[in-house]
Structure formats: structure tokens, C-alpha cells
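Below: the structure, in C-alpha cells.
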Amino acid sequence: MPSSGVALLKETLLSTHLVTEQQWNYAVKTAQLRGVSLEKVFLEMGVVEAEKISHMAEILYGVPKVSIDDYVVEPELLKLVPRETAERYHAIPLYASGANRLTVAMVDPLDVDAVDALSYIVQKDLRVVWISEDDFARAVKLYDGDPSAGSLRKILDDFQGDGQLAVPQDEGAREDSERLLRMMAEEAPVVRLSAVLFTQAVQWRASDIHLEPGKTEARARIRVDGLLQDLMTLPMAIYTALISRLKLTGNMDITERRLPQDGRCEFQVEGRTVDLRLASAPCLYGEKMVIRLSDSEAVLPKLSQLGYSPRNLERFEGLLSRPYGMILVTGPTGSGKSTTLYGALSILNSPEKNIQTIEDPIERKVDRVNQLQVQSRIGLTFARALRAFLRQDPDVVMLGEIRDAETAEIAIQAALTGHLVLSTLHTNDAIGAITRLVDMGVPAYMVAAALRGVLAQRLVRKLCQVCREQAPIRDDEVKAILDQPAIISEVFRAAGCGACGGSGYSGRTVISEVMVMSPEIARAAVAGADSHALLAKAREGGYTTMRDDAMQKVAEGQTSMDEVLRMTMSLDL
């Protein structure tokens, strides 16, 4: 602890009469002679509880205190801060946030020179937290590959030491089974494991956690930037207890393992409240659980921050300025459609408008917007909720998704009677939204009259700006995407480094296309034109495709040809 911190801590402890002057002087001398922390000496003396000292020092330092047991430090991060550097500055890397930020735990977080030196060494912006000397001493063992230094191994050892290894095959009476499962779920190692799991997922910007049982062990995977990656493996004994713990947290039936269940709960991490949506399903070796993470308190995104090209952003914002009609956002699951709709709401939201949304589920809470959660189990469907909302004088209605013909018909009618209707649809491209609505039973003339425009999109991973490498483009790549001679001679490719976890990518951006319903497209739709004929009409009006947008991002070095090829192969060539 620096001298300024020691002086402040002394003043605080003496003024609150937690220690005497004599006790303070003795503790300082003992700490200096033994080379240990004041916290440890006071704990051994028994005059002040360690938690109180930690809390005071945390306030004095101005940074949060963390425990190494709450983190699973990735080996790649240890390469960023070599052991000699870690021991010199008493610092251990915890996790990376994107390409340019690293969170580091330090015994002395007020050592400005050490922070500056570390920032220069790793070439990143540092977020500093406080760690105790004892925790740091254990953390340094990670450089030796000592498994006992990692929190996961400690958790597993503690659990096995408690002797609760598995649920008996014969469950017996329901009450006995429930009591046993609750006992296992409430064991300290299981509670700590669930916290580590959620903390790691949030730190890696995961959208989902997959917990999958196997014959002898279970696997935890997280979806980051649209792709799944392994996080940890677990013995089946603690996996069973973990699933029970999560079920309890999500208000699910812990004794029912034969039927799928859904649940919901919240988790506090780094001062944020993260919403968790849980879905369990029976599999061959036990229950699989998928957990969707979302920050319901996050600030509404701005469309300008999502990565749209200036031209497509201008066209989409132009659609939102229309007083009525239907605007659709299309794409497959996980393409960012809901985020785009929330971005649209941030533009439309004003005191002069009555905005009502029908969602399943409600992913973000929005001020001045009346949000309704669909509940199919009691008959509150999209269609029924939409009928009810249309009797409440709305200016704007946002539908989470048009899933069936009934909802589509009501939404079209609403758009034709003076309401602005926003919704999503599962189609490959923007033109496909027209034919999809017609296939659902909506007359083509009504689609042509109500639909103002369609934004189709995908999410592609962004290249890590730290390690991306420039390379010549391959002819087969250009042919597969554009079927024409190369127009770009050099591209950037993914390499992989500690900043991006070895993937070569960090974050995602949008590739998109915007179809504005013109009189020519409307007439072609009413005449029964197919998607190819509609696309030709759109191109005559200056329509550019999603592949065109993707190639522009390749040219700018935002993403790679491999990524564009992966995400656009479903589009008609």
C-alpha cells in the first residue's frame, strides 16, 4: 500500500476507534519485518475483521477489490504479462475487453508508474482492480501451470470434498429427491461455480451459455460473436448440482428432468444487472441448458453505432420518418434484428407519440414506451395483443416478429389505417419479404400498399485491429461471392492474438441492404412477379445488395473475405 494510502487508512482506523495508536504502530512494524500486508497482520492480531479493512482500503484506493477465485484466467492472457513483469509490479491479468482493454489486478493499484509501465508493455488501456497479497501469491502459480491456483479446480476439489457426488438413479419419493437436489444446489462450491460461469461469460461478451451433459463429463460453451467456443469441462457430479442450482435461480422445477422448461432470473456482475433466460431440455446423458444473456438496463443503441453504411442508414432513417405504413427488418436468428428495432425506437421515441411494443421476450426496458410480453400459455399471442393495442390509439406499434398469417394480416391492416408498424420477418434478403408475406396469405395488392420498405441484415465478425494481417485476395473467393474478376487486390485476414483470444476477430458489425417500396416494385408485386423480377426492378432504382455492402467492409479492412463468404453463402448468387 502506498504511503498516502497507509496514512489515510491509519486516520480512518484511529478515528473510528477500531485500533489504538499502539496497535497501529505494532502492526506497521510487523508488516515491514515480515514483508506481509497490514490486512494480514490485523487479521492475525484479531483486532479488526479483514472484511472491514478490505472495505476501507477499497474506498481509499477508489477501485474494487476482487478475489482470484472469481476468475478463470486464460493462458493467452498470461503471455501478455510475462511472469517477471507480473512479479515486479505485483499484477496479474484477469480478462480482456475487446481488442484494446485489459483488466489487471494489482496489489498496489495506486502505483501510477507501475500502471503506466504495464500499459506500455501490453499496449492496451488498463482497467485496474485491487487484489490481496495472498491472492496474488496464489495467482502467480498460474504461470507454473499449477491447477490448484485456478478457481475452477479449487471449486471442484471443494465440492468433491463435501461428498455430494451425484443424484441416485432411483429418485424415490419426489420430496426426498427435491430435498437432495436443493442440498446439492446450495453447496458453496456450486454457488461459486455458477457465479464464475456468469462472470466469465459476461467478460467474454457472450450472448449465450450452453451447458451440455456427456457420458462421463459435461461441457460449458459460450457463444461469442456468433460462434460457440469451449469454456470449461465439468464432472457430471457437479454438473447435476449446477443445473439444479440454475433451475432454483430461474424458478424452475428442479425435480422435473423429463420435460423442457423455461426460466428467468437476474445476475449482478461488475455493477451491471444482466438478465438471464434459461431453457432446459432432456438429452441422452441428462439435461442440457442454454442461457441467453442480455443487459435490459443498457442504453438504447443508436442506429449510427451499429455499423450501417452511410447510404443504407440514410435510406432506413428515411423510412422511419414516414407517418404510417409497415417497415420490416429481416434476417436469420441472431442477425441483430431486435437491436435494430430498438435503435429505431430511439429515433421515434418522443412525448408526442404513443409507442406500444409486443415482444417475446422483452429484451430492453424503454422509457415512455408501453411494452407487453407475449404469454402463449394463457392465450396472449402476438395477434391477440395487437388487436388489443390497436384499440389504444397507438402512433407506433413494434411487433417482435410476424410469425403467422393472422398476425401478418392484422399488422397490414394497422399499417393501412394510419399506424407505423415495425416488425421482423425471417427471410434471406429484403426482396424476399414481399413474397414471404404473399405466401402467408396476404393479398399482393395489400402488401404493395402497406409496405414502405425492408432492411435485411447479417452480422459479420470484425477483424481484430491488433493482429489482422494483409494478404492477397484469392480468385476463388471473389468468384464465390461476386462471380466477376477481382476488384480488390489486397485484403486483411484473421491472425489471432491474446487480445482477441486467438480467434482473430473482436466484435461484430452489420452488413445490410435496404429496399424502399417504389411504384415500380409495387406494380410488379401486384402483377405477381417473382423475387428475381422484383430484384431487377429494385436494381433499376439504385438498389444495392448485402454482398455489395459486405465487400465495401472487406475493402475497408473491417472484416475478412472468409467471414463474408461464411455469412452470405445462403444468399442467391
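Annotations for the structure displayed:
- Scanning the range 500-521 for residues that are more than 25 Å from ASP230 (Cβ to Cβ) and either in a loop (DSSP other than H, G, I, E, B) or open to solvent by 20 Å² or more (accessible area, probe 1.4 Å) (or both) yields VAL516, MET517, SER518, PRO519, GLU520.
- Any hit, the range 447-456, residues being under 17 Å from ILE521 (Cα atoms), touching an Asp or Glu at 6+ places or on another chain (Cβ under 6 Å) and of a type in the set (A, V, I, L, M): yes
- If the condition is being under 21 Å from the mean Cα position of the chain (by Cα) and in a strand (DSSP E or B), then the range 75-106 contributes LEU94, TYR95, ALA96, SER97, ARG101, LEU102, THR103.
- Hits in the range 270-280 (condition: open to solvent by 30 Å² or more (accessible area, probe 1.4 Å) and free of Cβ contacts under 8 Å to residues at least 40 places away in the same chain): GLY271, ALA279
- Annotation note: of ALA527, ALA480, ALA495, the sole residue that is of a type outside the set (Lys, Arg), open to solvent by 40 Å² or more (accessible area, probe 1.4 Å) and at pLDDT below 90 is ALA495.
- Filter result (open to solvent by 70 Å² or more (accessible area, probe 1.4 Å), part of a helix (DSSP H, G or I) and either of a type in the set (Lys, Arg) or within 17 Å of SER346 (Cβ to Cβ) (or both)) within the range 281-317: SER304, GLN305, ARG311, GLU314, GLU317
- Flag for SER321 being in contact (Cβ under 8 Å) with a residue 24 or more places away in the chain and either open to solvent by 30 Å² or more (accessible area, probe 1.4 Å) or of a type in the set (Phe, Trp, Tyr) (or both): no
- Failed item in (1) modelled with pLDDT of 80 or more; (2) open to solvent by 20 Å² or more (accessible area, probe 1.4 Å), with VAL140 passing the rest: (2)
- Within the range 387-409, being within 17 Å of ARG436 (Cβ to Cβ), buried (at least 21 other Cβ atoms within 10 Å of the Cβ) and touching a Phe, Trp or Tyr at 6+ places or on another chain (Cβ under 9 Å) holds for LEU399, GLY400, ILE402, THR407.
- Selection within the range 233-275 - out of contact with any Gly (no Cβ under 7 Å at 6 or more places or on another chain), hydrophobic (A, V, I, L, M, F, W, C) and closer than 30 Å to VAL510 by Cα: PHE267, VAL269, VAL274
- Strands (runs of 3 or more DSSP E) wholly inside the range 335-435 containing at least 2 residues that are farther than 30 Å from ALA527 by Cα and either among the small types (Gly, Ala, Ser) or modelled with pLDDT under 90 (or both): none
- Residue, farthest from LEU341 (Cα to Cα), within the range 372-386, restricted to residues that are surrounded by 15 or more Cβ atoms within 10 Å (Cβ to Cβ) and either in contact with a Lys or Arg (Cβ under 7 Å, 6 or more places away or on another chain) or of a type in the set (Val, Ile, Thr) (or both): THR381
- Pair list, Cβ < 6 Å and 6+ apart or interchain, from the range 533-548 residues that are farther than 22 Å from MET567 by Cα and in a helix (DSSP H, G or I) to residues that are open to solvent by 40 Å² or more (accessible area, probe 1.4 Å) and modelled with pLDDT of 90 or more: LYS537/GLU520
The values are calculated or read from the model by the stated rules, or taken from the named source; none is laboratory data. The shown structure was predicted, so the numbers you read here are calculated from the model rather than taken from an experiment. Methodologically, a virtual Cβ is constructed for each residue, glycine included, from the backbone with ideal geometry; neighbour enumeration extends over all protein chains shown. To get the accessible areas, we keep the full protein, side chains included, count just its heavy atoms, and leave off ligands, DNA and RNA. Shrake-Rupley method; radii C 1.70, N 1.55, O 1.52, S 1.80 Å.
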